[in-house]
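Comments concern the structure below.
The values are calculated or read from the model by the stated rules, or taken from the named source; none is laboratory data. Not measured: the values here are computed from a predicted model. Because the Cβ atoms are built from the backbone with ideal geometry, glycine has one as well, and the counts that use them run over all protein chains shown.
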Amino acid sequence: MRYLYLHGFCSSPGSFKATWFQQRFGQLGIDLSIPDLNLGDFSHLTISGQLDHVRQLILAESGPITLIGSSLGGFLATLAAEYENQVTKMILMAPAFGFVSRYFDRLDPELLAAWRDCGYHQVLHYADNLEHPLHYQFIEDARQYERRQNWRQLPAQVFHGLQDETVPAEVSREYLQQNGQAHLIYLQDDHSLAAELELMWRYMRAFLPLTPE
């Protein structure tokens, strides 16, 4: 089994949560791969480009894959699993279903119009805590994935914080209605889920299951 961690939007392989879990996997002698989903060009990033990159990583492996995704990375994991049967399990952390409507469509209409007209808008990227230009194509591309239904049936462990104001917990409940092999674990946490890492790790070890090599 290979394990692949997909970080969230405006994040990186160096995020606190990604490196925390990589260290825990490493303590068991297991490699947790964390690709950079900024793809070297954040300004022209698209979900389609990220999805293609993740699929290539999966196809480069000969055996089964477990995808672990945080926020937009969780949504990306469900998309990749639709195409690649090598994905046999998923762990989704506050998966960002309905990403465009929840993140972009709540912006001021004048700001969105200006973004569309000029092409780029400055977006805060958490990797360096600086603003970087992002092309409006990101939104246009992402809209095609908004209404995806009838998700593939495969074992999935879903974590969601009850204090999540970025992606409300009901989106994960809705996912369970689509994937009968998924189960949802509520946490007393916000979207970052940073306060419950040890608890998630215990659940993950039992679900996968993980034992020292």
Name the residues in region 172-213 that are more than 21 Å from Asp31 (Cα to Cα), of a type outside the set (S, T, N, Q) and in contact with a helix residue (DSSP H, G or I) (Cβ under 8 Å, 6 or more places away or on another chain), would you? Tyr175, Ala182, His183, Leu184, Ile185, Leu187, Asp189, Leu193, Ala194
Pairs only if they're at least six apart or on different chains, beta carbon under 7 angstrom, first in region 90-119 and under 25 Å from Val54 (Cβ atoms), second of a type in the set (Lys, Arg); list them, first residue then second. Val100/Arg143
Test of understanding: among Gln178, Gln163, which residue is more than 17 Å from Leu79 (Cα to Cα), at pLDDT 90 or above and polar (S, T, N, Q)? Gln163
Going through region 1-38 one residue at a time, which ones are touching a Leu at 6+ places or on another chain (Cβ under 7 Å), in a loop (DSSP other than H, G, I, E, B) and small (Gly, Ala, Ser)? Gly8
Do any residues in region 9-27 that are closer than 20 Å to Pro133 by Cα have Cβ atoms under 7 Å from those of residues that are β-branched (Val, Ile, Thr) and outside any loop (DSSP other than H, G, I, E, B), where the two are at least six apart or on different chains, and which pairs are they? Cys10/Val123
Glu61 passes all but one of the listed conditions (1) in a helix (DSSP H, G or I); (2) acidic (Asp, Glu); (3) over 15 Å from the mean Cα position of the chain (by Cα); the exception is number (1)
Looking at this structure, is Leu124 in contact with a strand residue (DSSP E or B) (Cβ under 6 Å, 6 or more places away or on another chain), closer than 30 Å to Met200 by Cα, surrounded by fewer than 17 Cβ atoms within 10 Å (Cβ to Cβ) and free of Cβ contacts under 8 Å to residues at least 60 places away in the same chain? no
Free of Cβ contacts under 8 Å to residues at least 12 places away in the same chain, under 17 Å from the mean Cα position of the chain (by Cα), exposed (fewer than 15 other Cβ atoms within 10 Å of the Cβ) and more than 18 Å from Leu32 (Cβ to Cβ), is that true of Glu165? no
